[in-house]
Amino acid sequence: MESSNGARGTVAELVTERFGDHRPGLWCEDLVLTHHEVAAGAAARAALLTDLLPPGAAPHVGVLLDNTPEYPMWLSAAALAGAAVAGINPTRRGPELARDILHTECRTVVTERARLPLLAGLELPGVRLLVTGTEEYDELLAPYAGAEPDTSRAAPDDRLLLYFTSGSTGAPKAAICSQRRLAAAGRSLVGQFGVRRDDVHYICMPMFHGNAVIADWAPALAAGAGVALRRRFSASRFLADVRSYGATYFTYVGRAVQYILATEERADDRDNPLRLGFGTEAGAVDAAAFERRFGVRLVEGYGSSEGGAAVQWSPGTPAGAVGRAAPGLVVLDAGTREECPPAAFDAAGRLLNGDEAIGELVNRAPNPFEGYWRNPAAEAERRHDGGYWTGDLFYRDTAGYLYFAGRTDDRLRVDSENLAAATIENILARYDGADAVAVYAVPDPVTGDQVMATLAGTFDPDGFAGFLEAQPDLGTKMAPRFVRIVERMPVTATNKIHRAKLRKEGIRCADPVWWRPPGQRTYRPLTPQDAEGPLVSTRGPSSVRRQGLEPRTR
């Protein structure tokens, strides 16, 4: 086993440290591997990958897998080989999927039998498939079975991840993450949350997404902690997995917490080994409900997928806030480029001046954003006017604490008033019948936007109207004109609400839609005649586009 001083600060170094560690280190279904077995498997795959890479080609390997042991082993293998993993999103199809693979210049794609139908018939010239779990795959690896981790091929500035940012418009962009940044992120989270060697990190978010790798796998690797994998997120299996694996830490994205809370409550829910959940977009209401039910604190963090800005929670952070703004982090009005005034709250802590206080989070300090793979236009969209523009909405209080308010493409403009979807969602989440809520704009050529909400759960039109009237922080323009009722919220592969799909379908969808005609208090079913009537006009370009604020992709 070799090492080199040039590898200091690399993920390859962290992988190598686990070689010879014979404690259980990885669990997946009925399989248990030691840390040593994982590191040895990574070394074998690194040697194979080195031989497979054509001379002069970009050292990129595509990984199209569920969360199986092969995924972290290929991440570790790429680190040892000085290569990069491009996480391929399995919800992409046809030409879009082929585009992701070819755009990131992957000459090798690692996949599994279950994913082969996605690749059937695609034009992928020069791309070799490695199908895990097959005799051919095992035969390819066999000559490298005795390989040991070698950090000599790794350098801190080597690309290690090419992960696609999810977005509502345009093709996804492949953000770059170096070995240095991933290793530093892992070590930082170890310090922030006191991750120990005897911890077990439960990875149920998809590993093709940056959250699972950066916020869950990397700190486990840095601390020498164990990893338990769930092939795909399952709310119904969450607690059973946590108990079975002895999991102490997990990360979440989007509305995964809501789906866990929607499972049947049991008297022994608090009987679990978890001590911390770390993620984004759970919301204060759901975070409080999660802690009451499971006895587990959720820490809402923020870090832009690309690494250009981060907000760290610290003791004393107010409820609902993400953390205190570090030097250089400001909330700017996207139109004037001026800093937004601080938020004003009522005695109950409800935001009173969202229209002027909510703006885009911008980092004017030096930051580790490493760009997008072969996409200078997208980089220019992030870097301009002396800062890194996150594409995320925030507001700050007078003490400098920051509160997440959604994405820039989640902003609504109703009768010339700017509204943030996340602010309205946090209010609607108090409704007893709501298991999950999404708020978004449907365009109206007269008023600009109309507010539409999709609600998963039970809906009583009179009770909902009464609920809205009782909310003191629900502004006059915030009440939903339309409410779509679904059994389950549509989500992306990363468990974020599929807002692009909801916006596209609008009021003309297969699910029941209730609406409140202008001037009326109560909601009634939307009929086909209503949908085509003059008072329900939702045709034409949305005000977001008319104002020149084209939604940013993420």
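Figures for the structure shown
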item: G463, sole failed condition from (1) closer than 24 Å to E300 by Cβ; (2) in a helix (DSSP H, G or I); result: (1)
item: Of residues in region 377-419 being hydroxyl-bearing (S, T, Y) and outside any strand (DSSP E or B), the one surrounded by the most Cβ atoms within 10 Å (Cβ to Cβ); result: T408
item: Boolean, E291 is under 22 Å from G475 (Cβ atoms), of a type outside the set (A, V, I, L, M) and under 24 Å from the mean Cα position of the chain (by Cα); result: no
item: Qualifying residue in region 75-91 (condition: at pLDDT below 95, under 19 Å from T494 (Cβ atoms) and not β-branched (V, I, T)); result: yes
item: Conditions (1) touching a strand residue (DSSP E or B) at 6+ places or on another chain (Cβ under 8 Å); (2) among the β-branched types (V, I, T); (3) in a loop (DSSP other than H, G, I, E, B); number of the one not met by T336; result: (1)
item: Which listed residue, of V296, V257, V285, is more than 30 Å from E381 (Cβ to Cβ), of a type outside the set (S, T, Y) and out of contact with any strand residue (DSSP E or B) (no Cβ under 8 Å at 6 or more places or on another chain); result: V285
item: Filter result (touching an Asp or Glu at 6+ places or on another chain (Cβ under 8 Å) and farther than 24 Å from T165 by Cβ) within region 398-417; result: R413, V414, E417
item: Residue check, R92 buried (at least 22 other Cβ atoms within 10 Å of the Cβ), touching a helix residue (DSSP H, G or I) at 6+ places or on another chain (Cβ under 7 Å) and farther than 25 Å from D198 by Cβ; result: no
item: Selection count where residues are under 17 Å from A438 (Cβ atoms) and touching a helix residue (DSSP H, G or I) at 6+ places or on another chain (Cβ under 8 Å), scope region 466-488; result: 6
item: Criterion (at pLDDT 90 or above and not in a loop (DSSP other than H, G, I, E, B)) met by exactly one of R484, R545, R488; result: R484
item: Boolean, A58 is of a type in the set (G, A, S), in a helix (DSSP H, G or I) and over 23 Å from A184 (Cα atoms); result: no
item: Which listed residue is under 17 Å from K504 (Cα atoms) and assigned by TED's automatic domain parsing to the domain that holds R508, from D449, D432; result: D449
item: Cross-chain or 6+ apart pairs with Cβ under 7 Å, region 513-534 first and farther than 14 Å from A453 by Cα and touching a residue at least 24 places away in the same chain (Cβ under 8 Å), then surrounded by fewer than 16 Cβ atoms within 10 Å (Cβ to Cβ) and among the basic types (K, R); result: A531/R508
item: Looking only at region 225-268, and only at residues there that are aromatic (F, W, Y), modelled with pLDDT of 95 or more and assigned to a helix (DSSP H, G or I), the one that is surrounded by the most Cβ atoms within 10 Å (Cβ to Cβ); result: F238
item: Selected residue (criterion: farthest from the chain's Cα centre (by Cα)) from residues of region 183-196 that are part of a loop (DSSP other than H, G, I, E, B) and surrounded by fewer than 20 Cβ atoms within 10 Å (Cβ to Cβ); result: R196
item: When residues of region 269-298 are limited to those that are free of Cβ contacts under 8 Å to residues at least 40 places away in the same chain and assigned to a helix (DSSP H, G or I), the one surrounded by the fewest Cβ atoms within 10 Å (Cβ to Cβ); result: R292
item: Every pair of residues 6+ apart whose Cβ atoms lie under 8 Å, when the first sits in region 25-44 and is acidic (D, E) while the second is part of a strand (DSSP E or B); result: E37/G25; E37/L26
item: Pairs where the first residue, in region 367-385, is touching a residue at least 12 places away in the same chain (Cβ under 8 Å) and the second is β-branched (V, I, T), C-beta under 7 Å, 6+ apart; result: E370/I176; G371/I176; Y372/I176; W373/T104; W373/I176
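The values are calculated or read from the model by the stated rules, or taken from the named source; none is laboratory data. Everything numeric here is computed off the predicted structure, so don't read it as measured data. Cβ atoms come from the backbone with ideal geometry, glycine included; neighbour counts cover every protein chain shown.
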